[in-house]
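One structure is given here, and the rest of the page talks about it.
Throughout, read-outs are computed from the coordinates displayed, never taken from laboratory work. Just so we're clear, the structure is a prediction, and the values are computed from it rather than from any experiment. Cβ sites come from the backbone with ideal geometry, for glycine too, and all protein chains shown count toward neighbours.
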2 protein chains.
Amino acid sequence: MTERFRQLSPSEFFYRNREIAGFSNPARAVYQTIRELVENSLDATEMHGILPEIKLEISEDVEGRVRICVEDNGVGITPVEVPNVFGRVFYGSKYVLRQSRGIFGLGIKMAVLYAQLTTGQPVKVRTSTRRSKFIYEYELMINVEKNMPVVKRLSVMRNDSKWHGTRVELVIRGSWSQARKRVEEYIRRTAIIAPYATLVVSAPDLNLKFERTSTELPPAPLTGKPHPRGVDVEMLKRMIEEVGKNKALLEFLVENFDGVGEVTARKFCEWSGFDCETRIKNLKVEDIEILAAKMQEYDGWRRPKASTLSPLGEELLVKGVKGVLNPEFVTAVSRPPSSYAGHPFVVEVALAYGGSIPSLEEPLLYRFANRIPLLYDEGVDVSTKVLQRIDWKTYRVEFPAPLAIVTHVCSTKVPFKGVGKEAVADVPEVESEIEAGIRECARRLRAHLSRLERLFEAKRWEVTVSKYAGEVASSLSYVAGVDREVLHSKLLELVRTRVAVGENGGRRRAR
Amino acid sequence: MTERFRQLSPSEFFYRNREIAGFSNPARAVYQTIRELVENSLDATEMHGILPEIKLEISEDVEGRVRICVEDNGVGITPVEVPNVFGRVFYGSKYVLRQSRGIFGLGIKMAVLYAQLTTGQPVKVRTSTRRSKFIYEYELMINVEKNMPVVKRLSVMRNDSKWHGTRVELVIRGSWSQARKRVEEYIRRTAIIAPYATLVVSAPDLNLKFERTSTELPPAPLTGKPHPRGVDVEMLKRMIEEVGKNKALLEFLVENFDGVGEVTARKFCEWSGFDCETRIKNLKVEDIEILAAKMQEYDGWRRPKASTLSPLGEELLVKGVKGVLNPEFVTAVSRPPSSYAGHPFVVEVALAYGGSIPSLEEPLLYRFANRIPLLYDEGVDVSTKVLQRIDWKTYRVEFPAPLAIVTHVCSTKVPFKGVGKEAVADVPEVESEIEAGIRECARRLRAHLSRLERLFEAKRWEVTVSKYAGEVASSLSYVAGVDREVLHSKLLELVRTRVAVGENGGRRRAR
C-alpha cells in the first residue's frame, strides 16, 4: 500500500477546512460573511481619513438563500486588483506593519468560496476609486485548484455622480433567523468602537441605524519598519539578501529597523560582541542565528513606535460607550504603548455602570481587537482570564450589578488564536496591560460609588434633619422669641446647602 | 495613497502567523514540534499494521537550543517524496476520506519552518521504506517565498540491517524546562489511547518508558467515497467534470457516493424531482445548486460507512486507561457510528474511578480526537460543555471524588476549532453522542458504587454479628447442651457465607 501525495492550493485548503475561518454552520456563515464585508469597508474608509458610511442589506428567499450586500464610501479598489483581492487566498494589501482589521488576506475570499460552494453564485463587486471617471462592475468566482480568480462578467459605467467606494454582493446558503441576534450585537458593538461611523442595516426583522456621534477620526496608522526585538533568522537572512549592496552591520541596523539610531546600534554591537564594521554579506548562518538571538535579547532598544497603531483614545471610547450602552457612569483608559516580541500594542479599557445596563451576576464583557468586535470564544480570551481574577468587592461592587467592561487591543500583530479572529491569546505583556487598564477604571468606579454613597447618606441626613426641623423651630422660636416660620425655612435651607456642598465635592473628586 | 498588493505563499502565511498553528511561545513550540513528530510516527506505523515503536530524544544546549529527535519503525517515506513532505505547506498524503492524525498537511512543515526561523538549522530526515536496500538521509530547508523545499544535503547508505522507518531531527529555540510537564502529560495520554505502542522518551529530567500493554491493533481505516449528505455545489461541479464520460444522474450517484445503491438513487431522484436519466453534463449551475441542496437535505440515505474510521474499541480503551491511570474501577463505551454533514464519526468514552486517581472537586477530563491527546483550550471543547451539564449526584458521586472521564472522537473530519488541533467544536450530533457515552459510563459507575455500598453494609453487618457471636454461642450452648466452640465457629462461618453471597451477587450485577 503506497501513499498518494498531492499539493493543495490555499483556496482548496480553506475550502476543505472552512470551519477554521469561522464558516462552521449556516448561522455562523452569515455572521462571518457580514463581518468580513463590514470590516473591509471600515478599513477602506477610516484608514484613509474618510468618515465611514456603511449600508448593509440582507434579504432571504424561501429556499434558504441569503443575499448579503455591503456598500461603503471608501477609497475603492483599483480595477486591475479586484479579481485578485476577491479571488486569491493570501493576496492582499495588508501584509505591512500597520494596524488594520484585515491582516490574513483570507476573510473575503472565504466568503466568496462559501457562496460558491453553497449556491454556486459569483460575487458581485462594484467599485470606483476617488476621482475615477468610471465605475467597474465585476462578477467573479474562484478556481479552487489553482487559487486564481475567474472573471465571469465585467462592465464599465460612467461615474457621473462622482461616487467612490465599494459595493459587494454575495448569495450564500445560510440561516438568517439564527444569525440575526449575533449580527445585531456585532453592529451594536461596532458602533461602540467606531462612533465616527454611520451604520445602516436593513434586513428581515432587523432595521438598525447608528448615526455617528462624532465626526472626529482617530489619526490613521502609518506603515512602520520592523522592531529589532521582533526579528528571526529567516527574516534577517532575507533582509540581508534584499539590501543588495554590501553594507556594514551598523548601517544595516540603522536603516532597516524601527527606532535604531547610530548610538543605539553601536551600543548593541558592543554588548553583543559583533563588530559594527562587519560586512553583512560575510555573516554565516551561525552568525545570523546568534545575531538574531542577541537582537531579541538586548534590552537597550527603544520601545517600538506607536505611530503604526491607531487607538481610539479615551474621549472617543467614552462617546462610543455612551451612545450604545447608555450608562449612568462611564470612564475610559488608553494605556501607553507597550510591546511584545517586537510588536507594538496599545490596550484601551472602558468601564460603564448603571443606566440601561442590566444587573447581572458578573460583568458584561465587550472585547475588541484592532476595532473588531469579538463575539465568539470568550472563554479562552485573555480579557476573560484577567476579569476572572478581579475581586470586585475591592471596588465596592456587589453582584448582581449593572457593570460592563470594554477591552480594546490594538497592534500591528494582534495575537489572535485563530484565523477566525475571535479570541486573543494570553501573551503576558498584553495580559498585564489589560489588568492595569481594568484596575484603573475600577478605581474610578469606586470613587464614583463612594460619592454616590456619600450623597445617599447626605440625603438621608437631610430627610432625618428636615423631619425634626419643625419641632426645633418651634422650640427655638419659644426660647429666642423669633418668628417660627422664618426659623423653619432658614433651617431647611441650611440642610439643603450642606447636602449640595457634599454633592459638588464628590463630583469633583470622581471626575 | 495607493495600496501595495502582494501574494503570500502558504509557507509565508504560516511563517508570519505561526501562533495559529500552535507555535505561539518557546514552551508551546517545543510541545507542538514533539506532537507533530510523534503523530506522524504513529500514523506511519499503526495505519499500516505495524506495532509502533517510537523513540523520542531531546537535548538542550546552554544557548537555549532544543534538539528534538523522533524515530519510528514505520513504513518510511519514498525518497522522492521526502523534500515535499517536509518542505511544502499543504502537501500531503492525507487528503483522502480516512481517519488519520494528520489532516492539514501543515504540522511538520510548521516545525521545520520554526527551526529555520529560530536557529537557521535544516531538518534532518533519515528514512527507508520496507524492503528497501537503501537508507536515505536528507537535510533540507524551506524556500518560504516559493513554498518549495531546498535540499541542502542528500546521502544514500546501504540498508544492511533491513531497517525501515523514519527518523526526524530538528533544532529549535525553545524552552524545554517550561514544556517538560506538558510533554510528559502528552506522552502519558498517548499511552492511554495507543496501548499497543511502545513509547520511549529520554530527555533532561524526563525518562519515560511506556511498554505496550497490548499487541492487538485496531483494524486500520479504509479510504472511502464521499457521502451524499456531505456534498456542496463546488464539489459536485468538479466531480461532474472529472467523471469524463456523459453519464446519467443515476449512474453518477451510484458510482461516486458512499452507500448509494440503485434503489436508493431512484428513490432520491423521485423525491427530489430530478430525472434519473438526465445527462449530468447538461445540468446548469442552478440545477447543480438545487441538486446539492436536495442531496444534503434528503434523509433516505444510508448512514456513512464506518469503515473509514478506526475507533479503539472498548477493550483496548479499558487496557489503555488501566495501564496509565491505575484506577479501582474502569468502564468504556464505544458508541455506534453516527454522522454530521455527511462525515461519519464514532464517539468513545471511558470512565475511571478510584485507585491512583486523585480526589478533586471536578472530574479529570482526558480529551482525544483521532487518537490525538488534546491538552490545550479545554474551556472551549465540546466535551467540557457536555461535562458541565452532568449532575454527578444522580450517579452517586459526591465531590471531591477520584473520577476521570476519557472522550475520544474519531472521524474522517474531526470538527477542530483551529489548525493547532486542540479543541473540538460543538457540532450538535457530536455533542449528543458524547453525552450519551458519558451517561452510559456513569450509570455503570453508579451500579459499581451501589455494589460497594452494599458490600460495605454487609461487612458492617459481619463485624456487628461477629461481635455478638461469642455470647450467642455461650447462651445456645447452655440451652441446647452443644459444645460452645463448635457453635461459635459454625456461627462465624454462616456470617462469612452470607457476606460472600452478597459480594458475588453484587459483582454479577455490576458486570
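Things to note:
- Cα-Cα pairs of the range B:306-444 separated by more than 24 Å (percent): 24
- Placing unit charges on the Cβ atoms only, positive for Lys and Arg and negative for Asp and Glu, gives the protein assembly as shown a dipole magnitude near 460 debye about its Cα centre.
- Per-residue 3J(HN,Hα) values for the range B:84-100, derived from phi via the Karplus relation 6.51 cos²θ - 1.76 cosθ + 1.60 with θ = phi - 60°, read 5, 4, 9, x, 9, 5, 6, 10, x, 9, 9, 8, 10, 7, 6, 5, 8 Hz in sequence order (x marks Gly and Pro).
- With the charge dipole of the protein assembly as shown set up from +1 on Lys and Arg Cβ and -1 on Asp and Glu Cβ about the Cα centre, the Cα lying farthest toward the positive end among the listed residues A:Trp301, A:Phe13, B:Ile438 is that of A:Phe13.
- Karplus-based coupling profile of the range B:103-112, in residue order and whole Hz: 8, 8, x, 10, x, 5, 5, 4, 5, 5, with θ = phi - 60° in 6.51 cos²θ - 1.76 cosθ + 1.60 and x standing for Gly or Pro.
- Relative counts (whole %) of C-alpha pair distances in the range A:228-297, using bins that are 10 Å wide: 21, 65, 14
- Neighbour-count order for B:Glu435, B:Glu314, fewest beta carbons within 10 angstrom listed first: B:Glu314, B:Glu435
- The range B:13-48 and the range B:264-290 have Cα centres separated by 44 Å.
- Distance histogram in 20 Å bins (all Cα pairs of the protein assembly as shown, percent per bin): 11, 36, 34, 13, 6, 1, 0
- Nitroxide proxy distance, nm - points 7 Å out along Cα→Cβ at B:Arg303 and B:Val150: 5.2
- Hydrodynamic analysis of the range B:145-280 uses the Kirkwood radius over alpha carbon pairs. Inserted into Stokes-Einstein at 25 °C and 0.890 mPa s, it gives a translational diffusion coefficient of 114 µm²/s.
- Applying 1/(1 + (r/R0)^6) with r as the Cβ-Cβ distance of A:Lys385 and A:Arg130 and R0 = 45 angstrom yields a FRET efficiency of 0.55.
- Separation of alpha-carbon centers, the range A:405-422 and the range A:427-493, rounded to whole Å: 43
- Each Lys and Arg contributes +1 and each Asp and Glu -1, all at the Cβ; summed about the Cα centre of the range A:306-447, the dipole is approximately 260 debye.
- Linear extension gain, B:Arg443 paired with B:Asn143, 0.36 nm per residue minus alpha-carbon span: 102.4 nm
- Where the alpha-carbon atoms of the range B:377-511 are placed on the principal axes, they occupy 84, 27, 21 Å, in descending order.
- Square roots of five times the Cα gyration tensor eigenvalues for the range A:1-107, Å: 28, 21, 12
- Cα-centre dipole for chain A with unit charges at Cβ (Lys and Arg positive, Asp and Glu negative), debye to 20: 740
- Ignoring aspartates and glutamates fewer than eight residues from A:Lys459 along the same chain, the ones with Cα atoms less than 20 angstrom from its Cα are A:Glu328, A:Glu471, A:Glu493, A:Glu503.
- Average partner coverage of A:288-294, which counts Cβ from other chains inside 10 Å: 3
- Between the Cα long axis of helix B:314-325 and the first principal axis of chain B there is an angle of about 80°, rounded to the nearest 10.
- Potential lengthening between B:Ser272 and B:Glu251 on full extension [0.36 nm per residue; Cα-Cα distance subtracted]: 5.9 nm
- Here's the list of aspartates and glutamates a cross-link from A:Lys152 could span, going by alpha-carbon distance under 17 Å and ignoring same-chain residues fewer than 8 apart: A:Glu81, A:Glu137, A:Glu139, A:Glu169, B:Glu234, B:Glu286.
- Residue (of B:Val409, A:Cys410, A:Asn246) at the positive-pole extreme of the protein assembly as shown, dipole from beta-carbon charges: A:Asn246
- Principal axes of chain B: Cα extent on each, largest first, Å: 110, 71, 58
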